[in-house]
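Nothing in this text is a laboratory measurement; each read-out follows from the coordinates by a stated rule. Bear in mind that the values here come from a model prediction, so they are computed numbers and not experimental data. A quick note on method: Cβ atoms are made from the backbone with ideal geometry, for glycine too, and the neighbour counts reach across all protein chains shown.
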Amino acid sequence: MNLPTREQAGVLIVSVSGRIDHIASEEFTRALEPLLTGCVKGKASLLLDFSAVDYISSAGLRVLMMASRRAKAQQGTFAIAALQPLVQEVFAISRFNLIVPCYASVDAACKVVGA
Amino acid sequence: MFLSVIRAGRGRAFPLLLLILAAGLLAYPDMQPLLGIREAQFDHYQRVLPRERDSEPVVIVGIDSQSLVKLGQWPWSRDLIAALVDKIQAGRPLALGIDVVFAERDRYSPEILAKHIPGMTANTRASLPDPDEKLARALKGPPTVLAVVGLSKALPGGRHPSKPLPVFDQDAARDRFLPHFVSALASRPVIASGAAGEGLINATPEQGQADNQRGVLRRVPTLAFVHELPFLSLPLEMVRVALGTEGSVQTEEGPQGMQAIRIGDYRLPVQRNGELLLHFGRSSSNYYLSAADVLAGMHDPEIFRSRFVIIGFNSTGLQDRVVTPLGESLPGVDIHAQVIESVLAGQALQRPYWLPWVEMAVLLGVGLSLIAFIPRLRARYAVLSFALASIAMLTGGYLAFFAARYLFDGASLLLLLCPPFISLLGNTLITAETLRRNAEAQLQQSREEAARMNGELDAARRIQMGLLPDTARLFPDERRFSVSALLEPARAVGGDYYDCFMLDDRRLCVAIGDVSGKGVPASLFMAISKTLTGTLTRRHAELGTALRDIEAELDRENPEYLFVTAFIGILDVESGHLDYVCAGHDAPLIVRNGQLLSIDTRDIAGPPLCAAGGYPFESAGMQLQAGDLLCLFTDGVTEATNGTDMFGSDRLRAAIATCGTVPVQDCAPALRNAVRRFEAGHPPADDLTLLFLRWHGPTGAQD
């Protein structure tokens, strides 16, 4: 899985795209791994731009949960922004917005999690 | 044992041994069957490309059947021969060769006549003409050459020829490869005195003659020694005497003996023993004249001018016939004509001393390449590479012949390479066969393993399904509510679960859960979750506490960080009051009087169990109305896909809305069927679980 990154206002923004289902979730985990390594206290916050994610399954949610746990353990900041309505609905039902901070847009997120 | 021998050295040792044997055979090429193959190959070259015979430098005056009929039996009187010679000499030929040995006195010589006529006086005898002398005089015209037969042992009547090559490099005389005759059959000195030269007419029949009874003439000697004196063959001697003083004879010596012979400016490549590999042309009768016709003056003498003329036998009774590589049977005298043509064209077949070494190098080169590469190739490419090598060797032979008349023996090489190749190919096939058997064995093994795994998965599935209550038989006499559930894992086992049981007389607990992921890992976590749900909801009076406790227990040992969404409800079947908790699960739907509602979980729903940890779950309550239909489901329904779209909550709501009056036990299968129809053969995205509950009211009613 290709995860293009860019930096904006001290935030490392990662563009995620496509369907994160059972099969894609393993690749998603591997692609996220090196980014999470750098998500520690004092370093840039890690923000996943979900504007191009069409669907996320429970396996995909699990990847986010584990990423969030790891960031928390490293005292880094991890957040998600710009969820599509369908994905937003999944987050709402599963209450994952309680686990990973979700923001309406990348700009809104940067204002909060930016340094 | 045998297999292990031929497969030693990764199957290369045995082919190498065969190649060495082949090289040994090639070093002795004059053994059958190689000799036969080689000669057939070389003969075929000549048949494909016989020598062009565009000019006719030679005329043969044949002593043919017609001549014998007209002029009487052979041997003719020498004065008749002298008359024939005179007729020919009148045309001033370049040289005249006579393929006849005049070894004895003529029958009509005065000495012999005197014996037959006792009363003959010495004067009479002296006045009689001597035919031998007449012939000797006739021979003194333009240069003539008489025939000599070399003998390997002395015979009665043997006589050394008197006209050896005048100037010759004596070093060659010691050459051990050239033929040496101890004796010879030559013409009488009185006749030979008139001739310009004497030439050998010995042929060199092939060694295979005795074996195949076919005596094909392929090579003729050019130079031999009689009693240590050098003599050319008859046709070469004719060329030499025709050249006169310019006709000096030289040999070209190479490291392996003679390579070529030069007569004046003419050069012929020869074998080391001086033999000429004659390139035959197609026979023709154009240049044959009958001796009788010549004697009768039927031909203009001009026909002989500036030509070589040979007198020889051409009649059925007298001639020696030879078979050529072209498959033609010719009078021996024709060979002399072909030799003269070859000398004048400087053209002969070439098999120089280094050519066998080239063949040996090709044999070893191709053989070693085959040994090196064939074990690495698949059988089809092994055969292809050998075929290409064979074609290259055979084609190379033909090209060498067409280009410069070289005799390269590709056929023998091909034959000699066959045993090593067959051995190599055998190894390749044996290896392939072994691999195939191994692969089959492995396939069988993995099939058995898969079968075993399937068996275990089947067992796991039976156990998992056994964990779930059978709603059809759960509450046989219950009139206050009816319940029906269904679970279909996406794989053999899954991570969904449901439960329903009575906590006491009036409290019914229903639960549905979905472990993240699917398959075996989810199924194990599902078993724990389902068990804990049952145990802890029974233990705690308050649902929120129960759920917090369930999460705490699940979190205790969860190294894989799996999480579970869950909805648990407790229905007071007398009052219709529903208490419920929600952990990240879809809100269940309610069909009430044809209207679709969903249970309001917004305020109390927490994240899935084990996702956040320690979330303070709270319960909420609502009042059901008699006839309400509750539908609990997992995302295996909403996320079912047909490749492009997902089933989605809209389709789900539409499907459930139609269930308002349907008997509960039919609701779940109907919805499941709707989902499967939508999937249209696409594999299920996730485990699918449905639980329908209809509350009939405190007094009970029937659907």
Taking region B:499-558 and dividing mean pair separation by its residue count, relative contact order in percent (alpha carbons under 8 Å, at least six apart) = 22
Note down the relative contact order for region A:5-113 as a percent, whole number, built from C-alpha pairs under 8 angstrom at least six residues apart.
-> 29
With R₀ set to 51 angstrom, the calculated FRET efficiency between the beta-carbons of residue B:49 and residue B:112, to the nearest 0.05, is 0.45
Of all DSSP beta bridges in the protein assembly as shown, what percent run antiparallel (nearest 5)?
-> 65
Note the full-extension length gain between residue B:65 and residue B:429 as 0.36 nm times their separation in residues minus their Cα-Cα distance, in nm to one decimal.
-> 124.4 nm
With a Cα-only, solvent-free Debye model of region B:509-590, what are the log10 I(q)/I(0) values at q = 0.17, 0.20 Å⁻¹?
-> -0.67, -0.89
With a 10 Å Cβ neighbour count serving as the proxy for reagent exposure, in which order, fewest first, do B:550, B:463 appear?
-> B:463, B:550
How big is the C-alpha Rg of region B:430-504 next to the rule-of-thumb value 2.2 N^0.38 Å, as a ratio?
-> 1.95
DSSP loop (so not H, G, I, E, B), at most 14 other Cβ within 10 Å: list which chymotrypsin sites (Phe, Trp or Tyr not before Pro) in region B:271-356 pass both filters.
-> B:353, B:354
Rounded if a/c under 1.5, otherwise prolate or oblate - region B:64-345, Cα gyration tensor axes | prolate
Counting helices only, and only those DSSP H runs with n ≥ 4, report the 222 nm mean residue ellipticity of chain A as the sum of -39,500 (n - 2.57) divided by its residues, in deg cm²/dmol to the nearest 500.
-> -13500 deg cm²/dmol
Lysine pairs, Cα distance under 19 Å, 8 or more residues apart or cross-chain: how many in chain B?
-> 5
Across peptide A:57-64, what mean number of C-beta atoms from other chains lies inside 10 Å of a residue's C-beta?
-> 6
Rounded to the nearest 20 Debye, what is the dipole magnitude of the protein assembly as shown about its Cα centre when Lys and Arg each give +1 and Asp and Glu each give -1 at the C-beta?
-> 2600
Over all pairs of distinct alpha carbons, what does the Kirkwood formula give as the hydrodynamic radius of region B:1-140, in Å?
-> 22.0
How much length, in nm to one decimal, is gained on full extension between residue B:388 and residue B:473, taken as 0.36 nm per residue of separation minus their Cα-Cα distance?
-> 22.8 nm
What does the convex hull of the alpha-carbon atoms of region B:359-432 project to on average, in nm²?
-> 4.5
Long-range amide H contacts for residue B:311: which residues qualify at under 5 Å (H placed 1.01 Å from N, peptide plane, sequence gap of 5 or more or a different chain)?
-> B:61, B:97, B:98, B:99
Could I have the simple spin-label model distance between residue B:440 and residue B:152, label points 7 Å from Cα toward Cβ, reported in nm to one decimal?
-> 6.2
Can you give the convex hull volume per residue for the Cα atoms of region B:641-694, as a whole number of Å³?
-> 76
Once you have the Kirkwood Rh of the protein assembly as shown from its Cα pairs, apply Stokes-Einstein at 10 °C and 1.306 mPa s and quote D in µm²/s.
-> 42
Note on region B:44-164: contact order normalised by length, alpha-carbon pairs under 8 Å, 6 or more apart, percent, works out to 33
Please state, to two decimals, what the Cα-based radius of gyration of chain B comes to when divided by 2.2 N^0.38 Å (N = residues).
-> 2.13
Straight-distance crosslink candidates among aspartates and glutamates, where the alpha carbon sits under 14 Å from residue A:111 and sequence neighbours closer than 8 are dropped | A:7
Mind listing which trypsin sites (Lys or Arg not before Pro) in region B:357-437 are in a DSSP loop and have 13 or fewer other Cβ atoms within 10 Å?
-> B:378
Taking only the alpha carbons of chain A, the radius of gyration and the largest Cα-Cα distance, Dmax, both in angstrom, are 12.6, 35
How big is the convex hull of the Cα atoms of region B:468-695, per residue, in Å³?
-> 115
